[in-house]
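The values are calculated or read from the model by the stated rules, or taken from the named source; none is laboratory data. Note that the coordinates shown come from a computational prediction; the quantities given were computed from them, not determined experimentally. All Cβ positions, even for glycine, are placed from backbone atoms using ideal geometry, and neighbour counts span all protein chains on display.
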Amino acid sequence: MDYSGGRNRLNQFADKTPQNQAMENRESYQTVNSWNQLGFDQKKVAVQKEMKRMNQLPANSTYATHRLKVLNKVLQLLTVQRTASQDEELELLFASLSL
């Protein structure tokens with residue numbers, strides 16, 4: 001039996017060195033920062049573009065179905081008035097979607 005596949009899956013967790021985590025944090029910050037710089041219309045276009053991409057996936061894809069639900073919620077939340085702290089929290093959530 002070949003157990004190398006299992007070893008590779010374990011290695012992905014072993015690679016969580018402080019340097020790798022710092023790099024991931026920087027990338028996350030850059031994503032949040034770039035999302036924050038987008039205006040309402042640009043965010044809406046980005047979400048719609050991602051929805052179009054999801055609609056090209058098979059109709060029975062659970063990933064696509066879930067992602068479309070999330071994207072619809074994003075569009076809904078973009079139109080709601082928010083406090084500054086709610087807006088910051090929402091920006092972090094949107095950035096984590098990697099649109």
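At a glance:
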item	result
Selection status of Ser28, modelled with pLDDT under 50, among the hydroxyl-bearing types (Ser, Thr, Tyr) and in a helix (DSSP H, G or I)	yes
Some residue of region 39-48 being assigned to a loop (DSSP other than H, G, I, E, B), within 20 Å of Glu89 (Cβ to Cβ), at pLDDT 65 or above and more than 15 Å from the chain's Cα centre (by Cα)	yes
Members of region 78-92 that are without any contact (Cβ under 8 Å) to a residue 24 or more places away in the chain and surrounded by 14 or more Cβ atoms within 10 Å (Cβ to Cβ)	Leu90
